[in-house]
Every structure is written in structure tokens, then in C-alpha cells.
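Engineer: One structure coming up, written as C-alpha cells, with questions to follow.
The values are calculated or read from the model by the stated rules, or taken from the named source; none is laboratory data. Note that this is a predicted model, so its numbers are computed, not measured. Cβ placement follows ideal geometry from the backbone for every residue including glycine, while neighbour counts extend to all protein chains displayed.
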Amino acid sequence: AGNTDSFDYTNYHTLSEIYSFQDMLVAENPKLVSKTVIGQSFEGRPLNVLKFSTGGSNRPAIWIDTGIHAREWVTQASGIVFAQKIVTEYGTDSALTEILNGMDIFLEMVVNPDGYHFTHTNNRMWRKNRKQNQDSSCVGVDLNRNWNAGFGGRGSSNNPCTEIYHGTRAHSEPEVESIVKFVESHGNIKAFISIHSYSQMLLYPYGYTRKPAKDQAELDQVAQKAVTALASLYGTSFRYGSIIKTIYQSSGGSIDWTYNRGIKYSYTFELRDTGHFGFILPANQIVPTANETWLALKVIMDHTFKNPY
Amino acid sequence: KENFHGHQVFRIVPKDDVQLALVRVMEDILDLELDFWRWVMPVDVRVPSHSLQVVKSYLESHSIKYFAMIKDLQALLDEERRQMKSVAA
């Protein structure tokens, strides 16, 4: 594609195509979008974050990430659609315009670029990163078990050959450590939304403990509003609740760490589908999935904007 | 490229937590090389061809309901690749 208008949003793309898209979006919208490289992956690929900002300095911010699990292709594809929506709806959608006039949005579309590249070239079903584990022939760490929140607890594994291997220590993986450093150095992130697929859920902390989050009542209310907005487009039904009560116990997850760091509006999505295709969700589902998710994202972003803390 | 010929994705429908725990036991048997896609009920799991018989027998012996949600994973992957190529062209 020569520009973001002719980019094919209805198809899955390779890593280099996604990175080209990011550069095009920045070039076309220099006053709104910029790109920051927050680190390098295990295999040396850049970890790109797009910043959507209308000015100001260290404004309160919303973080959105997609693609921490490599094979969940509909999430990276949705991230591309979200980026385009932010650009096109700024100035036309009053709620988003207000948000962007007061806050910044950060979007990391491919948290796990090594894994994503591997799904395109070697193994479509790959989930983890591509870390070479010492003393094991098995490769990769589950990047959503590597955070310092109940690290190493139930719902993660110390066996490098499993899909939920937590790594040698919390934040051992560069893909995680880069986000940790970015969040800590920014210091003003008010919402952190991590996007996965597929199970059709909107979840909030905690995953590693049954202890309810102290803001559970508010998080639950916002989640209910968000899934209602999501369902308004195509009737897609999402469950919502804490991770441990809605799915299963999982330790070392990203939003448990962000919540414990003081980011109240910490959520994780599980996008479509209902289980007929799983990770092989057909490409014609990308735009509908992104469109319905965008409505829920806007509810969370709007609530964050209107409820400063 | 890894080939998933003969792999199936089972949708397992445990009737209670006891059956769910029995399903989870299979995750620890690394030789089966199971890949759990979804841990909520119902559970979705990719089963390599070399483990199909063992997993089926295990589930049936414990009267745990299941069906093959994806009967030929490689066929889906091939279709996905074909679509990407055709759009690119």
C-alpha cells in the first residue's frame, strides 16, 4: 500500500507490512502521531509504540497493546484498525476528540514481534517469544506470565517446554521489560488495556489471587458498560469479571502488575470468536472484530478521561 | 514450516470441576504435546495426530464429552495462506 487509505485492513499482514503501516501513519499525520522505539526484542527487532498526542507535556495517558501472544492474529490486525480509527475519528467523534485534547494514547501493535514473525514463517500456532532457554531445547517464554505480579505462582509453569513458561525471573524478557520501563518512566498512565483473543471476555485484576481488586465495583461497572457498547454493533456477547473468577488462575500477567503499580483502569480483552476457528479466525472477521472492540475501548477511555485520579 | 497435518482441535465439555481437573491432568503429560487454546469451559485443545488415540481413550474412559471442533487444522492454515496470497496478488 502506498498510503494508509489504500492499506488493506481486511487482511492479515506480515510484521514488515505492519511496521510500514506505522511509518505511513506517522508520515501522514505528523502533528498527531509519532513513533517511539521502546526497546528491542530478543532477536533484535524494534519494539514500536505509536503515540497519539495533540500536545502538552507528559499528559495523562492511555496504553493499549495488542499481540503479546503471537498467534492471536486478530489482535494485531485490530490494533492496525484502532490506529486508523484514532486518526480518522479525531476531530469528528466528539468523545474521542475530547479525550485526545486532554490525554495521550499509546499503542503497541506487536508486543511480540519475534513470535509474530515466527507465526508467518515457521509455525502458525506459536504463542511465546523466541528466547533460547538455558539448559533446555525448548524455546520461548510466555510474555503474559513474566510480569512481577504473583510471578511463578499457579497458572504459570517453570517448564520451558510448556506454553505458559514464566521465564527465569520477573521481567526477564526484553519485550516485557521494555514496557515496564516505559510505564515507570512515564509515570502518568491512567489506563492500561492489553488485548488478546479469543474467548470473548473483558477482564480486570486479579489473575494471581482471589483477593478482589479494591476498585472492583467500579471496574465491574465500566466493564458492563463496555461490553454493552460492544454488543450494540453485532450482538457479540462478552463475559466480564476478574481474571481468576472468569477464566482461571494465571500468575505473572500484565494487568495485575499495572494495577498493583497504581493504574486503576487495567483491563484485558479476549476478542472473537466463539470457538469455531480459534486462532484461524478468517480475515473477513478482522474489521467487524475491531469495530465492535473499538466501541468498548471508547467506553473505557471515556470513563478514564472523565474520572481523573 | 511446521506442518499440522492430522492435528485436530477438540472442544471438551467437562460436566463439573472434577472432570475439568481430569482434563487439566493431561496438560502435565508433555509427551502428548497438547496445546490448550482455551481453559474455560468448554475447553479447546489442539491434539497432535500422535496423541489423538490416547486423548480420545482418556476422555471416553472418564465419560467426558468432547467433539472435534477443527478436524483438519492444516486445511484451515492452508486456506488462510491461500487467502493472504490471493489478496496480496
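Engineer: For the range A:143-167, which positions are closer than 23 Å to A:Leu15 by Cα and surrounded by fewer than 24 Cβ atoms within 10 Å (Cβ to Cβ)?
Structural biologist: A:Glu163
Engineer: Scan the range A:183-194 and give yes if some residue there is among the polar types (S, T, N, Q), within 23 Å of B:Val25 (Cα to Cα) and not in a helix (DSSP H, G or I), otherwise no. First the steps, then the outcome.
Structural biologist: Of all residues in the range A:183-194, those among the polar types (S, T, N, Q) come to A:185, A:188, A:194.
Now narrow it down to the ones that are within 23 Å of B:Val25 (Cα to Cα): none.
No: the range A:183-194 contains no residue that is among the polar types (S, T, N, Q), within 23 Å of B:Val25 (Cα to Cα) and not in a helix (DSSP H, G or I).
Engineer: Take the conditions in contact with a strand residue (DSSP E or B) (Cβ under 8 Å, 6 or more places away or on another chain), assigned to a loop (DSSP other than H, G, I, E, B) and among the acidic types (Asp, Glu) and apply them to A:Glu163. Does it pass?
Structural biologist: yes
Engineer: Could you list all residues from the range B:6-20 that are within 12 Å of another protein chain (Cβ to nearest Cβ) and either charged (D, E, K, R) or exposed (fewer than 14 other Cβ atoms within 10 Å of the Cβ) (or both)?
Structural biologist: B:Arg11, B:Asp17
Engineer: Kindly list, by first and then second residue, each pair from a residue in the range B:1-27 that is without any contact (Cβ under 8 Å) to a residue 40 or more places away in the chain to a residue that is part of a helix (DSSP H, G or I) and of a type outside the set (Gly, Ala, Ser), limited to pairs with Cβ atoms under 8 Å and residues at least 6 apart or on different chains.
Structural biologist: Within 8 Å, the pairs are B:Lys1/A:Thr121; B:Met26/B:Leu32; B:Met26/B:Val55; B:Met26/B:Tyr58.
Engineer: So for the range A:121-141 (the condition being among the small types (Gly, Ala, Ser) and within 11 Å of chain B (Cβ to nearest Cβ)), does at least one residue qualify?
Structural biologist: No - not one qualifying residue is present in the range A:121-141.
Engineer: Evaluate the range A:225-238: report whether one residue or more is in contact with a helix residue (DSSP H, G or I) (Cβ under 7 Å, 6 or more places away or on another chain) and either within 14 Å of another protein chain (Cβ to nearest Cβ) or assigned to a strand (DSSP E or B) (or both).
Structural biologist: Yes: the range A:225-238 contains one or more residues that are in contact with a helix residue (DSSP H, G or I) (Cβ under 7 Å, 6 or more places away or on another chain) and either within 14 Å of another protein chain (Cβ to nearest Cβ) or assigned to a strand (DSSP E or B) (or both).
Engineer: If you scan the range A:10-32, which residues turn out to be surrounded by fewer than 18 Cβ atoms within 10 Å (Cβ to Cβ), within 14 Å of chain B (Cβ to nearest Cβ) and either outside any loop (DSSP other than H, G, I, E, B) or of a type in the set (Gly, Ala, Ser) (or both)?
Structural biologist: A:Ser16, A:Glu17, A:Ser20
Results for (1) within 29 Å of A:Leu203 (Cβ to Cβ); (2) among the aromatic types (Phe, Trp, Tyr); (3) modelled with pLDDT under 95, shown as yes or no for each residue.
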position	(1), (2), (3)
B:Gln8	yes, no, no
B:Arg38	yes, no, yes
B:Leu52	no, no, no
B:Arg82	no, no, yes
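Engineer: Right, another one. Evaluate the following for A:Thr246: is it surrounded by fewer than 24 Cβ atoms within 10 Å (Cβ to Cβ) and closer than 19 Å to A:Ile68 by Cβ?
Structural biologist: Criteria met by A:Thr246.
Engineer: Now for a different question. Which condition number does A:Gly241 fail, the rest of (1) in contact with a strand residue (DSSP E or B) (Cβ under 6 Å, 6 or more places away or on another chain); (2) in a strand (DSSP E or B) being met?
Structural biologist: A:Gly241 satisfies every listed condition except (1).
Engineer: Out of everything in the range A:245-288 that is more than 13 Å from chain B (Cβ to nearest Cβ), closer than 17 Å to A:Val111 by Cβ and in a loop (DSSP other than H, G, I, E, B), what residue ends up being nearest to the chain's Cα centre (by Cα)?
Structural biologist: A:Gly253
Engineer: Here's something else I'd like to know. Just for the range B:24-44: of the residues that are part of a loop (DSSP other than H, G, I, E, B) and at the interface with chain A (Cβ under 7 Å from one of its Cβ atoms), which one is farthest from the chain's Cα centre (by Cα)?
Structural biologist: B:Val40
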